[in-house]
Structures are given as C-alpha cells and as structure tokens.
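Any read-out appearing in this document is the output of simple, stated calculations on the displayed coordinates, not a laboratory observation. Computed from a predicted model, the values in this text were never measured in an experiment. Positions of Cβ are backbone-derived with ideal geometry, glycine not excepted, and every protein chain shown enters the neighbour counts.
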Amino acid sequence: MTDLCGLAIPWLTKDALDTLLAGSGTAITLWKYPALIALAAGVQVIFRYFWRTYVFGFSRHIEWDVRNAIFAHLQRLPLSYFSHTKTGDLMSRLTNDMVSLREMLGMGAMASLDAVLMMSASLLLMVVIDPWLTLWSLLPLPGITALMLVAGNRIFNRYRDIQRHLSTLSTFVQENLAGIRVVQAYAQEENQQEYFGGLSREYRVKNLDLVKRWGYFWPVTSFLSGLAATVVLWLGGRKVAMQTMSLGELAAFYGYLAMLTWPMMAVGYVITLYQRGSAALARLFEILDAPVAAGYQTPGTGQVSKLHGKIEFRNLSFRYAPDAPLVLQGITLTIPAGTWCGIVGETGAGKSTLVSLLPRLHEAPPGTIFIDDVELRELPLQTLKHAIGLVSQDIFLFSDTIRENILFGNGGATSEELDMAVDLAQLTPSIQGFTHQFDTILGERGVRLSGGQKQRTALARALIKNSPILILDDAFSSVDTETEERILEQLKGFMRGRTAIVISHRISTVMAADQIIYLKDGRIVERGSHETLLALRGHYYRMYRRQLLTRELDALSDNGGARR
Ligand SMILES: Nc1ncnc2c1ncn2[C@@H]1O[C@H](COP(=O)(O)OP(=O)(O)OP(=O)(O)O)[C@@H](O)[C@H]1O
C-alpha cells in the first residue's frame with residue numbers, strides 16, 4: 001500500500017501536467033490533483049508507519065527467540081566446551097552478532113521487499129509510458145549489479161574477519177577486568193594497555209579497509225544512476241520536442257526512474273546488512289551446532305523419583321578426551337547409603353574428577369557408576385542432580401544478595417531452613433556482621449567475602465538442598481581448623497542417614513569417615529578406616545605423620561612466641 005501510494009504520485013503529476021498543458025484545466029482540476037497527491041502522500045506516511053512497526057517488531061521477536069534459544073543451548077553444553085571457548089567471544093556473539101542478525105531481518109527484509117516491489121512496479125510503469133526509453137535508460141544500471149557481485153564476496157569475508165576480531169577484543173577486556181587484581185598486583189597495567197592498544201588498532205585498520213571498499217561503491221552507484229537520468233533527459237527531451245511524448249509523461253518517467261535508483265542503491269545497503277547478518281548467523285550457528293552434554297542427550301528414562309544414596313563405582317576408568325591420558329583407572333568402590341567416605345591423595349590424583357562424574361558433569365563410560373544399584377544414565381537427570389549437594393573446589397558466587405546465593409540451592413526453602421543451613425555452615429556470625437545481613441550484595445557491587453566465608457556460603461547453598469548425597473570437594477581448605485571441626489561436629493547430626501563424600505588434603509577432615517580411600521595417579525592405592533590405614537604404614541600414614549609434625553611445629557612456634 002505504501003509503495004502503491006508512492007507510485008501513484010508521478011502518475012498523478014503526469015495527468016496534472018498533461019491536463020494543464022492541453023489547456024483543459026478547470027478550477028476543479030487545479031484543486032483535484034494537488035489534493036490527490038497530498039492524499040497519496042498522507043496515506044503513504046500512515047502505512048509506512050505501520051509497516052515499519054510491524055517489520056521491526058517482527059525482527060525484535062526473532063532476535064528474542066534466537067537469543068533465548070542460544071542461551072538455553074549454552075546452559076546444556078558440556079563443560080569441555082567452555083574450557084576451549086572464551087567467555088568474551090560468547091558474549092560478543094550474543095550481543096554484536098545478535099544486532100547484525102536483527103538488522104538483517106528488520107531493516108534488511110524491509111529494504112529488500114521495498115526494493116523488489118518498487119523496482120518491478122516502477123519498471124512496469126516506465127514500460128507502459130515508453131518501452132524504448134526504458135531500455136535505453138536501463139543500460140547503465142546493470143553496472144551496479146556487476147559491481148556488487150565483484151565486491152560482495154570480499155566484503156563478506158572482511159565482515160567475518162571484523163566480527164572475529166571484535167570477539168578477540170571483547171575476550172581481552174573481559175579477562176583483563178576479571179583478573180584486574182592479578183594485573184595490578186603484577187604491575188602489568190601498561191603492558192595490558194599496550195596490548196589492548198594493538199588489538200584496538202587492528203580493529204580500526206580492518207574497519208577502515210572495509211570503509212574504503214564501500215567508499216568507492218556508493219559514488220560509482222550514484223554516477224551510474226546519474227548516467228541513466230542523463231540518457232532520459234537527452235532522449236526523452238528529444239521525444240517531447242518531436243511531440244511523440246508528452247511533458248507529463250517525461251516528468252512521470254523521471255519520477256519512476258528516481259524511484260528505481262533508490263532500490264538500486266538499497267540493494268547495496270541490503271547486501272551490506274545481509275553480509276553482516278549471515279556472517280553473524282554463521283557464528284551463532286556454531287554455538288547451536290555444538291552438541292549438548294551427554295547427560296542432556298540421554299537424560300535417563302527410569303521411574304526413580306527418590307534416591308537413598310548408595311554409590312558404587314565398578315572398574316571405572318576415565319579420560320577427558322579420547323586422545324587424553326587416563327585420569328582414573330580401575331576404580332572399584334562401594335559407599336553404602338548413609339555412610340561417609342573420605343578421599344585423600346596427591347594433587348592431580350583424580351579426586352575432583354571422580355566426584356564430578358556423579359552429577360554427570362563429565363560422562364563416565366557406561367556400566368561403571370551406580371546409585372541405589374541403578375546405572376547412572378538410567379536415572380532421570382533431574383532426580384540425580386536434585387539428589388546431590390556439591391561444594392566444589394572453585395567456589396562461584398553470583399553478584400546478588402547472600403540470601404539469593406544460598407537459595408540458589410533450593411529456591412523453595414523456608415526461612416527456618418535458610419537459618420539452619422547458615423547455622424550448620426557456621427556462617428551466622430559473619431552474616432550478622434554485615435549491615436544488610438541476608439540482603440548484603442556479594443561480588444562486583446557489594447561486599448567481598450573472605451575465602452573461608454565464600455566456602456561456608458557455598459556449603460550453606462549445598463546443605464539447603466537437603467539432598468541425600470553431599471559431596472564436599474576440599475570445601476574447608478580456607479577455613480581454619482577450629483571452625484572446620486565445629487562444622488564437622490554439627491554436620492554429624494544433619495548427615496545422619498545421608499551419604500557423604502569428603503575430599504580433603506587434611507587428614508583431620510576425613511579421619512572420622514566410615515571409610516577412606518587414598519588416590520594416587522588415578523588409582524585407589526589404599527582403603528579402610530583411619531586406624532586401618534595408619535596400621536598399613538603406607539601413603540596415608542606418611543601423610544598423617546607429615547601433618548602431625550607440622551601441627552606440632554606450629555604449636556611449638558606458637559608457644560615460643562607466647563613465651564617471648
Ligand atoms: N576439565 C579437564 N579437562 C582435561 N583434563 C583435566 C580436567 N580437569 C582435570 N584434568 C586433569 O585431570 C587430572 C586430575 O585432576 P583432578 O582435578 O581430578 O585432581 P585432584 O586430585 O582433584 O587434584 P587437586 O587435589 O589438586 O584438586 C589432572 O591431571 C588434571 O590436569
């Protein structure tokens with residue numbers, strides 16, 4: 001409708017001019033044509049408004065859909081994906097590439113539809129007025145298409161390159177800000193600035209190169225369309241002089257040629273949007289094409305809705321990638337429901353890896369892990385994840401209130417349950433010390449917690465889940481021994497009837513466990529209770545002796561200090 005109104009204006013001009021020049025214009029004619037032209041222009045404005053609102057709204061909806069789909073997909077990707085993909089790169093794809101996609105779908109779709117409609121209708125009307133003049137006037141225009149074809153592919157590659165570079169730039173900024181403490185502590189500010197300057201310069205050079213390529217495109221396009229107008233003026237003028245064409249027809253012809261020129265130029269713009277949009281789409285599809293983690297591919301079909309917590313590893317061997325070395329070898333271990341298992345061993349022995357296989361954060365080979373005698377992958381994934389409370393070595397807290405961080409483990413928990421979890425984790429005095437207590441914001445814009453407070457917050461988050469299995473992976477490393485002993489003492493009551501796996505480098509943390517295993521190079525080399533292991537006089541015993549000695553030396557130096 002918008003285009004139809006636009007097309008009507010030159011036609012009305014033609015009729016008006018011809019009527020006036022023929023001398024048949026009356027007072028009514030003098031009013032009629034301007035009024036009709038004004039009406040056409042008015043209707044065009046109204047319809048263009050609705051058309052733009054609709055198309056831009058549509059592109060926003062698609063953007064929303066695609067962004068949600070990508071975020072949902074990212075939530076399910078295997079952890080290995082994130083160890084080889086940089087966060088800054090993903091952020092850049094979710095923001096800059098999404099904008100390019102939206103522009104392609106919004107402005108690009110509107111301009112291309114407009115261009116096609118206007119071009120074909122203008123051409124048709126030009127042919128109706130004068131087929132020969134149309135043919136002559138069109139001669140310079142295929143030059144524009146040829147230009148686009150030559151430039152198109154190169155420009156597409158440049159866009160891809162620029163978008164990739166923008167990702168590198170974003171990644172650098174993101175990592176620099178996340179690691180600002182290290183940067184400042186190691187006095188690397190200037191080096192970082194210099195490196196950023198280099199990246200930024202490269203980004204500018206790449207963009208300027210693109211600007212140059214587009215730079216010649218627009219003037220050449222204008223020149224070619226100007227050439228077409230000259231042809232019309234020359235040949236059309238002659239026809240008017242020879243009276244084989246009316247002045248009104250020439251004016252209308254000019255009007256349609258002008259309408260044809262804009263779509264020709266719009267094609268260039270649409271091509272830019274399309275190049276950028278399709279480069280962005282390709283980068284977004286790289287995310288969507290990445291297969292989700294095995295746990296989400298086979299989320300378990302069993303009917304189990306509640307787990308008791310018996311855990312069994314049967315001859316489990318595991319490696320992170322097909323060509324990576326074995327991290328765990330021949331692990332066979334049963335942890336009866338409601339008992340504690342302590343895991344100790346050297347760094348890199350595979351302790352964290354072993355427990356990460358239980359909530360299927362990494363996928364163990366089939367038939368190697370059973371909970372309540374059911375193979376892990378036959379258990380419904382949600383049931384499995386709800387049944388495990390995990391405090392991992394790397395604590396992550398969101399920049400939100402302390403309450404929300406703890407309730408992340410169980411959004412439906414009551415305030416009594418919240419108090420209980422906080423109490424068990426020995427966090428109450430810390431929270432009471434904060435001005436806003438549970439509403440204290442953590443992280444970026446709020447209070448920074450000490451290492452021990454972070455660990456206890458993470459512990460409270462796991463405890464509030466109230467799950468039958470609790471895994472503590474070096475969860476007390478930043479907590480002093482006295483607080484640790486208090487937490488363990490309190491946990492005894494809470495853990496009655498639950499299964500616990502406690503990984504630690506401190507013997508004092510695991511010595512009360514029902515069974516303890518010592519891992520070395522991915523194998524269980526010793527197992528038994530604290531007393532049995534001491535009697536073995538092996539790795540565990542040596543570890544115990546070392547730690548005992550250190551404690552004694554610490555005590556001695558404390559006493560010495562006190563005497564002085
Ligand atoms: N995501 C991963 N991808 C590849 N290899 C990994 C990954 N995580 C750990 N590893 C490797 O697996 C081995 C065991 O690591 P793991 O973290 O399980 O040891 P750990 O006993 O928990 O060590 P620590 O006591 O220092 O925490 C190490 O050699 C480590 O390099």
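Worth a mention:
- With the largest listed first and rounded to whole Å, the semi-axes of the equivalent ellipsoid of region 444-490 from the Cα gyration tensor are 19, 16, 9.
- Sequence-distant residues sharing a close amide H with I516 (under 5 Å, placed H): G342, G528, S529
- Spread of Cα-to-Cα distances over 10 Å intervals beginning at zero, given as percent, for the chain: 3, 12, 17, 17, 13, 10, 9, 8, 6, 4, 2, 0, 0
- Rg over Rh for region 58-113 works out to 1.09, using Cα positions for both radii and the Kirkwood form for Rh.
- Three principal axis extents describe the C-alpha atoms of region 307-536; from largest down they are 52, 40, 35 Å.
- In nm, spacing of pseudo-spin labels at N315 and S200 (7 Å Cα→C-beta vector): 6.1 nm
- What you get for region 2-288, charging only the Cβ of Lys and Arg (+1) and of Asp and Glu (-1), is a dipole of about 200 debye around the Cα centre.
- With θ taken as phi - 60° and the Karplus curve 6.51 cos²θ - 1.76 cosθ + 1.60 applied, the whole-hertz 3J(HN,Hα) list for region 322-329 is x, 9, 8, x, 5, 9, 10, 9 Hz, x standing for glycine and proline.
- Annotation: amide H-H contacts under 5 Å for A475 (H modelled 1.01 Å from N, sequence separation of 5 or more, or interchain): I503.
- The ranking of E485, E103 from fewest to most other beta carbons within 10 Å of each one's beta carbon is E485, E103.
- For the chain, the longest principal axis of the C-alpha atoms and the axis of helix 247-289 are separated by about 10°.
- Extension gain for the segment E485 to W31, taken as residue separation times 0.36 nm less the Cα-Cα distance, is 153.7 nm to one decimal.
- P(r) tail fraction, region 291-364 - alpha-carbon pairs more than 17 Å apart, %: 55 percent
- Charges were assigned to the Cβ only: +1 to each Lys and Arg, -1 to each Asp and Glu. The resulting dipole of the chain about its Cα centre is roughly 680 debye.
- With Cα atoms, 0 to 90° folded angle of helix 27-75 axis to the chain main axis: 20 degrees
- Taken one residue at a time, the phi angles of region 355-363 give Karplus couplings (6.51, -1.76, 1.60, θ = phi - 60°) of 6, 5, 6, 5, x, 6, 5, 10, 9 Hz. Gly and Pro are set to x.
- Relative contact order, percent, region 382-495 [alpha-carbon distance under 8 Å, six or more residues apart]: 42 percent
- Formal net charge of residues neighbouring A187 (Cβ-Cβ distance under 15 Å; K, R +1; D, E -1): -2
- Over 18 Å between alpha carbons, listed pairs K351/K465; K14/K239; K454/K492; K310/K385; K454/K520: K351/K465; K454/K492; K454/K520
- Only Cα pairs under 8 Å and 6+ residues apart enter the sum, and on that basis the relative contact order of region 2-288 stands at 38 percent.
- Dipole of the chain [Lys/Arg +1, Asp/Glu -1 at C-beta], most positive-end residue of G342, A512, S246: S246
- Amide proton proximity set for L390, modelled H, under 5 Å, gap of 5+: I471
- Net length available on complete extension from L227 to F82 is 46.6 nm, with 0.36 nm assigned per residue and the Cα-Cα distance removed.
- Per residue, the average separation of C-alpha pairs within less than 8 Å and at least 6 apart gives the chain a relative contact order of 15 percent.
- Paramagnetic label reach from L548 (point 7 Å along Cα→Cβ; backbone nitrogen cut-off under 13 Å): within region 484-520, residues 507-508.
- Charge context of L536, other residues only, Cβ under 14 angstrom, K/R +1, D/E -1: +3
- Electrostatic dipole magnitude of region 273-327 [Cβ: Lys, Arg +1; Asp, Glu -1; Cα centre; debye, to 20]: 200 debye
- Pairwise centroid distance, computed over Cα atoms, of region 171-213 with region 326-373, Å: 42 Å
- Our coupling estimate for region 492-507, obtained by passing each phi through the Karplus curve with A = 6.51, B = -1.76, C = 1.60 and θ = phi - 60°, is 3, x, 4, 7, 4, x, 10, 9, 10, 10, 10, 9, 7, 9, 9, 4 Hz, Gly and Pro reported as x.
- The distance separating the Cα centre of region 471-519 from that of region 94-136 comes to 70 Å.
- Simple rule: put +1 on each Lys or Arg Cβ and -1 on each Asp or Glu Cβ in the chain, find the dipole, and look at L548, Q75, I162; the Cα lying farthest toward the positive end is I162.
- Shown is the FRET efficiency for D15 and R60, computed with R0 = 30 Å from the Cβ-Cβ distance and rounded to the nearest 0.05: 0.15.
- In region 102-216, the alpha-carbon atoms span a convex hull of 107 Å³ per residue.
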